[in-house]
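Contents: one structure, followed by commentary.
All of the numbers you see were taken from the coordinates with simple rules; none came from a lab. No experiment lies behind these values; they were computed from the predicted model shown. Don't worry about glycine lacking a Cβ; one is built from the backbone with ideal geometry, like all the others, and counts go over all protein chains shown.
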Amino acid sequence: MASLANRVVHHLKRRLIPPTTPVTALPALDMARVVDRGCCPYDGYQRGTGLAHGNLAEQVWNDPLFRKALAIARHTPVRTMCTEARLMNLFLLIKFFLKDLPSQNIVEYGTYRGGSALFMATLLKELYPGARIWALDTFEGMPEGKHGLDLPPPDDFAATNLNIIRFTAEQNGLDNVAFVKGLIQDTAEDVYKQAGSIALAHIDVVLHSAVVYAQDSVWNVMTPGGYIVYDDATEPTCPGATRAVEEMITKRNISLEQVYPHMVLRARMPHKAEIA
């Protein structure tokens, strides 16, 4: 009980600490940085183990930009469903890894109330002013899934309001985000034409067919080395999303770069390579 009480006190104190210090570097690891089966294990270890076992989560929490984006993402009308750890991982990917790519554009599949899209738009606005994010959703709920594979979710994701999301973006000066209404199968191709190339695909849909469509359709417009990030594929209520990732790994003969707090794949990387 004392240990639990100490953790609760630490958590409450942490919430009261104002952000002071930007994260400037990721932890160095005693291993080679290479590409193997289309991913860079070193990079995945840096993010995943740093957040889970090191002090990287505390460093991110104390970063003013993270806290600014988090406050917008948790604004009551939008209120992201992404966990804090996953938002931290998105922060690390965007701040430290997209800068090495020729494009920093982002597409999100499954936006719901818009919190994670606004979170990422806030980061892009400061770090990469020329980049944009496209957030795709019906904004009216979700269709039925595949019988025997997709577990009906406890929430049909209809409790959202696109006008409120757009108003929140406008109030925060986020003119770099476009909210695209409709089934992703009907809207994605036009988005790809506008974007030209995508650096990060945030797949936050739960149905097997939707995940398969998102990951397959975006592949050829991903900038080489870009990131495909799955929000729901590790959730016990989303076996269809998990199956879709398994199929992607088999189809492309690649490996996951990261499993905590997200499953992360790299797009169009060499199968094996040394990294200078």
request  = Can you tell me the alpha carbon radius of gyration of segment 13-91 divided by the globular rule-of-thumb value 2.2 N^0.38 Å?
outcome  = 1.25
remark   = Mean separation of Cα contacts under 8 Å (at least 6 apart) over the residue count of segment 80-274, i.e. the relative contact order in percent, is 23 percent
ask   = Rounded, prolate or oblate: which one fits segment 188-237, using the alpha carbon gyration tensor with axes a ≥ b ≥ c (rounded when a/c is under 1.5, else prolate when a/b beats b/c, else oblate)?
value = prolate
ask   = Out of (i) 19.5, 66; (ii) 18.3, 57; (iii) 19.4, 55, which label holds the value of Rg and Dmax of the Cα atoms in Å that was computed here?
value = (ii)
ask   = Which value, in debye to the nearest 20, describes the size of the charge dipole of the chain about its Cα centre when Lys and Arg Cβ atoms bear +1, Asp and Glu Cβ atoms bear -1, and nothing else is charged?
value = 800 debye
note = Ranking Ala85, Ala273, Leu127 by how far each Cα lies towards the positive end of the charge dipole of segment 80-274 (+1 on Lys and Arg Cβ, -1 on Asp and Glu Cβ), the top one is Ala273
For segment 212-276, diffusion coefficient by Stokes-Einstein and Kirkwood Rh (Cα), 37 °C, 0.692 mPa s, µm²/s = 265 µm²/s
task = Can you run the Rg to Rh ratio on segment 72-137? Use alpha carbon positions and the Kirkwood inverse-distance Rh.
result = 0.95
request  = Determine, for Thr24, Thr168, Thr111, the number of other Cβ atoms within 10 Å of each Cβ, and report the residues in order from fewest to most.
outcome  = Thr24, Thr168, Thr111
query = How much mean residue ellipticity at 222 nm does the chain get from its helices, if each DSSP H run of length 4 or more adds -39500 (n - 2.57) and you divide by all residues, to the nearest 500 deg cm²/dmol?
reply = -12500 deg cm²/dmol
query = At a Förster distance of 51 Å, what's the computed FRET efficiency of Ala28 paired with Leu183, Cβ-Cβ distance as r, to 0.05?
reply = 0.70
request  = Keeping to pairs on different chains or 8 or more places apart, tell me how many lysine pairs in the chain have Cα atoms under 18 Å apart.
outcome  = 6
